[in-house]
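This report refers to the structure that appears directly beneath it.
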């Protein structure tokens with residue numbers, strides 16, 4: 001379990017911050033997430049980053065795409081900039097020895113789902129062809145906002161079936177799934193979600209989990225993260241999720257708020273408390 005940490009100063013300092021926060025894994029942006037411009041990564045930085053990850057035994061490191069790219073955009077200029085951004089991040093992840101790059105799939109901006117699917121598949125295909133390394137593109141589900149891509153398991157499966165299976169996977173965001181109408185509030189609901197996931201996407205493609213409670217109700221279509229246990233998913237829902245066998249070996253990243261209620265340490269503490277709870281754990285299952 002871990003959190004998203006800053007790369008301010010130099011990128012290797014992100015690993016120090018992850019260690020200070022008590023992370024087992026962590027997530028970063030490889031550059032400024034709110035701009036198109038970026039500087040090259042220095043060899044000293046990438047070497048220091050990889051060395052600290054190994055020394056501190058915080059694994060796997062996970063990267064997230066910046067906010068500005070829209071891989072589903074029908075606008076040619078924005079689309080090409082977005083594809084270029086994706087290709088650059090795949091390169092940077094390779095240099096840093098980061099195995100997973102999480103992607104926001106973007107919005108078709110009214111052009112329709114067909115156009116969105118074609119754009120996303122084309123962008124990912126070009127990135128994988130251009131940069132041949134060990135980085136896996138991890139598609140993140142969305143909450144069902146207007147014109148957004150990837151809010152259903154069927155949509156994710158449709159994109160993945162046209163891409164290299166060895167280098168593409170899924171990141172399940174709990175807040176987004178809940179907003180899109182996938183219930184997570186009980187062990188029965190969690191079981192149902194993973195059954196549907198296996199039938200559509202395939203559980204072998206699930207590689208990362210974003211642990212976020214939801215400020216919105218089930219099926220609200222809102223991407224509004226809340227502290228663990230304080231939103232509509234609730235403690236029972238997260239306890240059910242954490243004790244499900246399909247997530248036991250997956251890296252889980254918290255993207256929860258930092259405010260007067262709780263900080264990263266508080267949410268890590270809460271999620272670990274729920275994970276340690278003996279409730280719902282089958283007595284005959286080896287953990």
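The values are calculated or read from the model by the stated rules, or taken from the named source; none is laboratory data. Given the structure is predicted, the values throughout are model-derived calculations rather than measurements. For neighbour counting, all protein chains shown are included, and Cβ atoms are generated from backbone atoms with ideal geometry for every residue, glycine included.
Here is a yes/no grid of residues against (1) over 13 Å from residue 104 (Cβ atoms); (2) within 14 Å of the chain's Cα centre (by Cα); (3) in contact (Cβ under 8 Å) with a residue 60 or more places away in the chain:
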residue	(1), (2), (3)
149	no, no, yes
152	yes, no, no
155	yes, no, no
163	yes, no, no
167	yes, no, no
171	no, yes, yes
178	yes, no, no
182	yes, no, no
185	yes, no, no
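Tell me yes or no: at least one residue of region 18-37 is on the phi > 0 side of the Ramachandran plot and either without any contact (Cβ under 8 Å) to a residue 24 or more places away in the chain or assigned to a strand (DSSP E or B) (or both). Before you say what the answer is, go through the steps one by one.
Residues of region 18-37 that are on the phi > 0 side of the Ramachandran plot, as a first pass: 22.
Right, trim to either without any contact (Cβ under 8 Å) to a residue 24 or more places away in the chain or assigned to a strand (DSSP E or B) (or both) and you get none.
No, every residue in region 18-37 fails to be on the phi > 0 side of the Ramachandran plot and either without any contact (Cβ under 8 Å) to a residue 24 or more places away in the chain or assigned to a strand (DSSP E or B) (or both).
Go through region 1-15 and give me each residue that's in contact with a helix residue (DSSP H, G or I) (Cβ under 7 Å, 6 or more places away or on another chain) and either over 19 Å from residue 56 (Cα atoms) or modelled with pLDDT of 95 or more (or both). Let's see the steps before the verdict.
Here is the first cut: in region 1-15, the residues in contact with a helix residue (DSSP H, G or I) (Cβ under 7 Å, 6 or more places away or on another chain) are 1-3, 5-7, 10-12, 15.
If the condition is that a residue be in contact with a helix residue (DSSP H, G or I) (Cβ under 7 Å, 6 or more places away or on another chain) and either over 19 Å from residue 56 (Cα atoms) or modelled with pLDDT of 95 or more (or both), then 1, 2, 3, 5, 6, 7, 11, 12, 15 are the ones that fit.
Go over the candidates 259, 204, 213 one by one and state the one that is touching a strand residue (DSSP E or B) at 6+ places or on another chain (Cβ under 9 Å), free of Cβ contacts under 8 Å to residues at least 12 places away in the same chain and more than 19 Å from residue 24 (Cα to Cα). Before you say what the answer is, go through the steps one by one.
Values: 259 fails: touching a strand residue (DSSP E or B) at 6+ places or on another chain (Cβ under 9 Å); 213 fails: free of Cβ contacts under 8 Å to residues at least 12 places away in the same chain.
204 is the lone residue from the list that is touching a strand residue (DSSP E or B) at 6+ places or on another chain (Cβ under 9 Å), free of Cβ contacts under 8 Å to residues at least 12 places away in the same chain and more than 19 Å from residue 24 (Cα to Cα).
Report the residue count in region 212-258 for those that are assigned to a helix (DSSP H, G or I) and either on the phi < 0 side of the Ramachandran plot or in contact with a helix residue (DSSP H, G or I) (Cβ under 8 Å, 6 or more places away or on another chain) (or both).
In the first step, residues of region 212-258 are kept if they are assigned to a helix (DSSP H, G or I); the result is 234-242, 245-247.
So of that shortlist, the ones also either on the phi < 0 side of the Ramachandran plot or in contact with a helix residue (DSSP H, G or I) (Cβ under 8 Å, 6 or more places away or on another chain) (or both) come out as 235-242, 245-247.
Of the residues in that region, 11 qualify.
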